[in-house]
Amino acid sequence: MRSNDGALKEERLAFPFLVPALVVLCGISLYPLIQGITRMFYTYRALAQQTVFVGFQNVELLFQDPLFLRAFSNTLVWTITSVGMQFVLSYWLATMLNSRFLRFRRMFRGIALVPWALPPVVVSLMWRYIFLNGGPLNTILHSLGMAHPPNWLTDPHLALWTCIITNIWMGIPFVTVMILAGLQTINKDIVDAAAIDGASYIQTQVNIIVPSIKKVVLIILTLETIWTFNMFDIVFILTKGGPGNASLTLPLYAYENAFMYYQAGYGAAIGLLILLCLLVVVVFYIREVLR
Amino acid sequence: MRMSPVKQVLLHVFVVLFMLLLAFPMAFLLFNSFKTEQGIIASPMGVPREVTFVNYQEIFTESTFITNFKNSSLVALATVLLSIIVSTPAGYALSRFRFRGRTMFSMWLLATQSFPGIIMVLGLFTVLKTYHLLNTIPGLVIMYTSFSMPFSIWLLKGYFDKIPVALEEAARIDGCGRVRSLVKIVLPLSVPGLLAVGTFSLLLSWNEFFFALVIMRDNAHYTLPVFLARFMGSGGVVRWGPLSAAALLACIPVLILFMLGQKYLVSGLTGGAIK
């Protein structure tokens, strides 16, 4: 009885503090989510100029739509390679920035953070300029002796990879800082002791470093996967999904359907598929954070 | 532990290369903003041979840049304040009370990360339309607050957890209520947490593009990212001179504030993830 009373009392105390957040959460998060999902049951008929209920038709259409399948496979490539490369490069950079033999450590760490603060739109147009046909990168390649440097933005085999490179660049600061913070929690004496006992580089990594930063690594990987899967700005600014649909990704395709072709229902169906993919990832994220 | 001199040199070489790669692209914006269009074509990556201010002049006098800059500033300021106001009490409740649905609430906060932009923007479009908030700054601010709130609550909860409950209990014996003890005792000790939340919401609201693109419908209401994207897309050829000038100016405020606040943001982000 007593404990029950106590719990109720805490709820009465907590509730007033939670009201503003609950209002925002229900009104501007939960309701729009449900509202957005229900859009996929409707379609806009341009001739009749009305929106009609079509059940799961939009979802069924998805799997017969070659453009959707293209965008889906592009998004998988985009997410896996971006997150993978971001992690590898950031791990390398973080290890170096964590080395006690590095001078000017604070200055280097400050510089490494810069891309994090920049608006993704600015990052994208900056890299669009760099990748331009007569732009800086090709000027360098040309002076290095490459007679015909690639058309980074307009070659269908390269366009998606050009976007991926930009995304990797943009993500490095966040991942590096998080890994670095993880590395800094490791007691250097233990690493030294392992070295004295004759542990190899690989043994030290596998037995000491990786277990110590496992949690932060899992959080970074899940968060980056979610953010990258949802990323819209870079592809929109760099290639608009082109040439043709070579670099089309799901968020861009959903946007085009909803806001350029008046097919909000189809856009919502694409959104639902994104949500289903990301729910799998977010479960791992929540489990790690709450652990 | 020692490191051979060769390895030490290599370490510095690689780090410097990384830094160049991370910082140098910004230099193109700077250089191009002071070149004429012909100057950019003639030398796409060098320092400007003769410095010109025509690009800056153009974006200030012939575009809506100043209005869009004001919009972005207003949106960012309002989002930062509103995020703090909404998140502080919720973070406090999560930290101090054990209530039913507490775990559900936390899980929901974390799960919002995974909601696809397209679904949210379709739903929010309807909500904002109902309240006549489409194409308005308050509409954008409300949206951004809902985006920054989950993380802000989580971060502040982490900070409040570190403040001993005993401090508040002592005050309560002296007749201090919950709200007063939050404002007078807990908040002054959580300034780093508030700065972290502020930096986070600033980055989010200043840099966000997708939702602003859909919600804001005309030049007078665009925020800077939308202005830049529209400026790039207007006309056949991209005019890199004025675009670079505008892009550079759009980065400066957020870069300066980020450099001041990054220390708090980083420790807030990693504090929860590492323990």
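Averaged across the residues of A:172-183, what count of C-beta atoms belonging to other chains lies within 10 Å of each residue's C-beta? Write down the numbers at each step before the final one.
Values: counts 3, 2, 2, 0, 2, 5, 5, 1, 2, 7, 3, 0.
That average works out to 3.
Using a Gaussian network model of chain B with C-alpha springs under 10 Å, which one of B:Ala220, B:Ala76, B:Ala111 is most mobile by mean-square fluctuation? Among B:Ala220, B:Ala76, B:Ala111, the largest mean-square fluctuation in the Gaussian network model of chain B belongs to B:Ala111. When only the Cβ of Lys, Arg, Asp and Glu is charged (+1, +1, -1, -1), the dipole of chain B relative to its Cα centre reaches about 960 debye. Heavy-atom accessible surface of the protein assembly as shown, averaged per residue, reaches 46 Å², computed with a 1.4 Å probe.
With the full set of protein chains in place, find how many percent of the accessible area of segment A:2-53 is carbon and sulfur; take the probe as 1.4 Å. If you can, show how the numbers build up before the last one.
On the way: 2160 of 3400 Å².
Carbon and sulfur together cover 63 percent of it.
Legend: calculated FRET efficiency, B:Ser73 to A:Asp189, from the Cβ-Cβ distance at R0 = 35 Å, rounded to 0.05, equals 0.10.
Peptide B:18-27 has a mean of 6 when you count, residue by residue, the C-beta atoms of other protein chains within 10 Å of its C-beta. Total Å² of accessible surface buried at the A-B contact, 1.4 Å probe, nearest 100? So the buried area, both faces added, is about 8400 Å². Note on B:Leu17 and A:Trp92: the model spin-label points, each 7 Å out from Cα along the C-beta direction, lie 0.7 nm apart. Of the residues A:Val123, A:Val175, A:Val206, the one that moves most in a GNM of chain A with alpha-carbon contacts below 10 Å is A:Val206.
Rounded to the nearest 20 debye, what is the charge dipole size of the protein assembly as shown about its Cα centre when +1 sits on each Lys and Arg Cβ and -1 on each Asp and Glu Cβ? Spell out each step's value before the answer.
On the way: 39 positive and 23 negative charges, 256 e Å.
Dipole about the Cα centre, nearest 20: 1240 debye.
In segment A:95-114, the residues whose accessible area drops by at least 30 square angstrom when the other protein chains are added to the isolated chain are A:Met96, A:Phe101, A:Leu102, A:Phe108, A:Ile111, A:Leu113, A:Val114; the probe is 1.4 Å and only protein heavy atoms count.
On segment B:64-274, 69 percent of the accessible area sits on carbon and sulfur atoms, based on a 1.4 Å probe. Its relative contact order, with pairs defined as Cα atoms under 8 Å and 6+ residues apart, puts segment A:1-117 at 9 percent.
Only helices at least 27 Å long along their own axis, judged from Cα atoms, and with Kyte-Doolittle mean hydropathy of -0.5 or greater: name those in chain B from DSSP H. Show your work: numbers first, answer last.
Details: long enough: B:5-33 (42 Å, 1.89); B:65-96 (46 Å, 1.03); B:137-161 (34 Å, 0.93); B:240-274 (44 Å, 1.47).
Helix filter hits for chain B: B:5-33, B:65-96, B:137-161, B:240-274.
Taking all protein chains as they are arranged and a probe of 1.4 Å, the heavy atoms of A:Lys240 leave approximately 110 Å² accessible to solvent.
For segment A:2-53, the calculated P(r) over all alpha carbon pairs, in 5 Å bins from 0 to the bin holding the longest distance, is 5, 16, 12, 12, 11, 10, 9, 7, 6, 5, 4, 2, 1, 0 percent. Of the residues A:Leu22, A:Leu47, A:Ile37, the one whose Cα sits farthest towards the positive end of the charge dipole of segment A:2-53 is A:Leu47 (charges of +1 on Lys and Arg Cβ, -1 on Asp and Glu Cβ, taken about the Cα centre). By a 1.4 Å probe calculation restricted to protein chains, A:Arg103 has an accessible surface near 150 Å², given to the nearest 10.
Under 20 Å of direct C-alpha separation, and excluding same-chain neighbours fewer than eight residues apart, B:Lys7 reaches these aspartates and glutamates: A:Asp192. Length gained on full extension, A:Ile34 to A:Leu22: 2.7 nm, using 0.36 nm per residue less the C-alpha separation. Per-residue SASA remark: B:Thr270, around 10 Å² accessible (1.4 Å probe; ligands, DNA and RNA not included).
Taking every alpha-carbon pair under 8 Å whose residues sit at least 6 apart, chain B reaches a relative contact order of 31 percent.
Convex hull volume of the Cα atoms of chain A, normalised per residue: 232 Å³. In this structure, the pairs whose alpha-carbon distance is over 20 Å, taken from A:Lys188/B:Lys162; A:Lys188/A:Lys214; B:Lys162/B:Lys263; A:Lys9/B:Lys184; B:Lys157/B:Lys184, are A:Lys188/B:Lys162; A:Lys9/B:Lys184.
What ranking of A:Tyr201, B:Tyr264 comes out by heavy-atom accessible area, probe 1.4 Å, highest first?
On the way: A:Tyr201 150, B:Tyr264 60 Å².
Highest to lowest solvent-accessible surface, that is A:Tyr201, B:Tyr264.
Selection among A:Leu69, A:Val216, A:Val83 by position relative to the dipole of segment A:57-290 gives A:Val216 as farthest towards the positive end (Cβ unit charges, Cα centre).
Taking the Cβ of A:Leu218 as the center, what net charge do the other residues with Cβ under 10 Å away carry, scoring Lys and Arg +1 and Asp and Glu -1?
Neighbourhood net charge equals +3.
The values are calculated or read from the model by the stated rules, or taken from the named source; none is laboratory data. Just so we're clear, the structure is a prediction, and the values are computed from it rather than from any experiment. Cβ: placed from backbone, ideal geometry, glycine included. Neighbour counts: every protein chain shown. Ligands, DNA and RNA are excluded from the accessible area calculation, which covers all protein heavy atoms including side chains. Shrake-Rupley method; radii C 1.70, N 1.55, O 1.52, S 1.80 Å.
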